[in-house]
Amino acid sequence: MEAKPWVDTVTSYFTCCGKQASAAEIMIEEATNEENSVDNELLQAERSLELQLIQEEQRLSALNLVRNKTSGAIKNQEAKLAGPRKASSDNAKILADKKKELETLRTKESRLTRKLGSVQKYNSSLSAQVAALNNKSDTNDAEAPKLRSEITRITAEIETSKAETNQTISQFQQVENKCNANKDTIDKLNARVSELQKELDFAQAMKEKLGNVPAVPSRRGRSLHKSSPPEQEAPQPPEEEAPKVPPRRPSALADRMKMFQ
């Protein structure tokens, strides 16, 4: 152990005194032990601070890793949302077109229904006339072929109108079924989009929280890098004061030396 400068002075002082030499050695040893104890306490405090710094660096590395994983998850969620949104937009356009087609078919059906009613009224009138003519067939044999031809023509028109009406009704039902199927698909897609949007909002909230953790340099010269920069600049932490070192206590030997001055 390196000798202290004042040790030689005290030793020489007590050597001159003869009888007090052993007492001086004891005081020197006590002072040396006391200073060694203070040095050990300071060394332990320094090691404790180094250990805390290493633990903080490890925690910051873990936070940076979590932030990078969260950023990747956000990108994946955004990619997943792009497909359903586009499909939902296309389905909405298809549904609008089908609604227009459905309105057109309904208008056509209404027109054919009115026409069918008119034809049925006309058919009733003609049927009454045919019945009257059949009763008078003996007296009106010359007009019977003409009336039968007219009846046949009108009957054919009625059958044609019925066929068109049935076809229109069938088309209307097919379009309505397609619209219902498209509506169910759109509802499912909208529910999926809403679920993915909630996941994206949660991931963005986590990203904003993790974005506030700064990336401090390592005390060994290494920098903790992140794979992708955060969207917002991380706030700088407040400057902390250096840990206070406990003041060194005055040596007991120095106090005792004052007695001999």
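The values are calculated or read from the model by the stated rules, or taken from the named source; none is laboratory data. The model shown is predicted, which means the values in this text are computed figures rather than measured ones. Every residue, glycine among them, receives a Cβ derived from its backbone with ideal geometry; neighbour counts consider all protein chains shown.
Can you find a residue that is of a type in the set (A, V, I, L, M) and at pLDDT 55 or above anywhere in region 235-253? Within region 235-253 (the criterion being of a type in the set (A, V, I, L, M) and at pLDDT 55 or above), the answer is yes, since at least one residue qualifies. Of the residues VAL130, VAL119, the single one that is farther than 30 Å from LEU210 by Cβ, without any contact (Cβ under 8 Å) to a residue 24 or more places away in the chain and in contact with a helix residue (DSSP H, G or I) (Cβ under 9 Å, 6 or more places away or on another chain) is VAL130. Exactly one residue out of LYS93, LYS100 is closer than 30 Å to ASP201 by Cβ and exposed (fewer than 13 other Cβ atoms within 10 Å of the Cβ): that is LYS93.
Being out of contact with any His (no Cβ under 8 Å at 6 or more places or on another chain), in contact (Cβ under 8 Å) with a residue 60 or more places away in the chain and part of a helix (DSSP H, G or I) is a description that does not apply to LYS93. Does region 105-124 contain any residue that is within 30 Å of PHE202 (Cβ to Cβ) and part of a helix (DSSP H, G or I)? No, because not a single residue in region 105-124 is within 30 Å of PHE202 (Cβ to Cβ) and part of a helix (DSSP H, G or I).
Here's the yes/no breakdown for (1) under 29 Å from the mean Cα position of the chain (by Cα); (2) of a type outside the set (Lys, Arg):
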{"residue": "LEU63", "(1), (2)": "yes, yes"}
{"residue": "VAL66", "(1), (2)": "yes, yes"}
{"residue": "GLN77", "(1), (2)": "yes, yes"}
{"residue": "SER88", "(1), (2)": "yes, yes"}
{"residue": "ALA92", "(1), (2)": "yes, yes"}
{"residue": "LYS108", "(1), (2)": "no, no"}
{"residue": "LEU112", "(1), (2)": "no, yes"}
{"residue": "LYS115", "(1), (2)": "no, no"}
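If the condition is being in contact with a Ser or Thr (Cβ under 8 Å, 6 or more places away or on another chain) and surrounded by 15 or more Cβ atoms within 10 Å (Cβ to Cβ), then region 103-128 contributes LEU105, LYS108, GLU109, LEU112, LEU116, VAL119, ASN123. Contact annotation: residue pairs with Cβ atoms under 6 Å, 6 or more positions apart or on different chains, pairing a residue in region 180-192 that is closer than 20 Å to ALA79 by Cβ with a partner that is polar (S, T, N, Q), are LEU189/SER88. Residue count for region 26-61 satisfying the condition of being of a type in the set (A, V, I, L, M) and touching a residue at least 24 places away in the same chain (Cβ under 8 Å): 9.
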